[in-house]
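The values are calculated or read from the model by the stated rules, or taken from the named source; none is laboratory data. Predicted model, so just to flag it, every value in this text is computed and none were measured. Every residue, glycine as well, gets a Cβ built from its backbone with ideal geometry; the counts of neighbours run over all protein chains shown. In case anyone asks, the SASA skips ligands and DNA or RNA and just uses the protein heavy atoms, side chains included. Shrake-Rupley method; radii C 1.70, N 1.55, O 1.52, S 1.80 Å.
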Amino acid sequence: MQLGRVVAVATSTVKHPTFEKERLLVVQLEGTGGKPDGEPVLAFDRLGARKGDLVLLTSDGAILRSLLGRDTPGRWSVMGLPDDL
């Protein structure tokens with residue numbers, strides 16, 4: 001699990017079939033003290049996070065396979081919206 005900040009909502013006209021009707025966010029992972037940690041990632045969101053929101057992400061592939069199907073190439077998903085840190 002890792003914290004990240006929503007940078008944008010991703011849109012695409014062509015995508016993997018398991019991504020259809022899914023909401024995708026561009027999220028900048030955060031390290032110690034809220035500093036950026038690497039490049040932004042693409043994350044699936046079913047919780048309604050908005051630009052600027054802090055989110056709790058997981059890269060657990062089993063969770064995405066259970067939601068999107070066995071063949072999904074997705075990796076990151078939003079699993080929580082923290083109140084305060």
Once Lys21, Lys15, Lys35 are ranked on solvent-accessible area with the largest value leading and a 1.4 Å probe, the list reads Lys21, Lys35, Lys15
Counting only DSSP beta bridges with both partners in the stretch 26-85, the antiparallel fraction in percent, to the nearest 5, comes to 75 percent
The answer for Asp37, listing residues at least 5 apart or on another chain whose modeled amide H is closer than 5 Å to its amide H, is Leu29, Glu30, Gly31
Probe 1.4 Å, all chains present, heavy atoms only: Phe44 accessible area in Å², nearest 10, is 10 Å²
Per-residue ellipticity at 222 nm attributable to helices in the chain (runs of n ≥ 4 DSSP H, -39500 (n - 2.57) apiece, nearest 500 deg cm²/dmol) works out to -2500 deg cm²/dmol
Mean shadow area (nm²) of the C-alpha convex hull around the chain is 5.5 nm²
GluC sites (Glu not before Pro) in the stretch 11-66 lying in a DSSP loop, each with at most 10 other Cβ atoms within 10 Å of its Cβ, come to Glu20
Here the stretch 1-46 gives, from Cα atoms, an Rg and Dmax in Å of 12.0, 37
Counting sequence-distant residues (5 or more places) and residues on other chains, those with an amide H built under 5 Å from that of Asp53 are Val6
Going residue by residue through the stretch 6-19, the Karplus relation 6.51 cos²θ - 1.76 cosθ + 1.60 with θ = phi - 60° gives ³J(HN,Hα) values, rounded to whole Hz and with x marking Gly or Pro, of 5, 9, 6, 9, 8, 10, 7, 8, 10, 8, 4, x, 6, 8
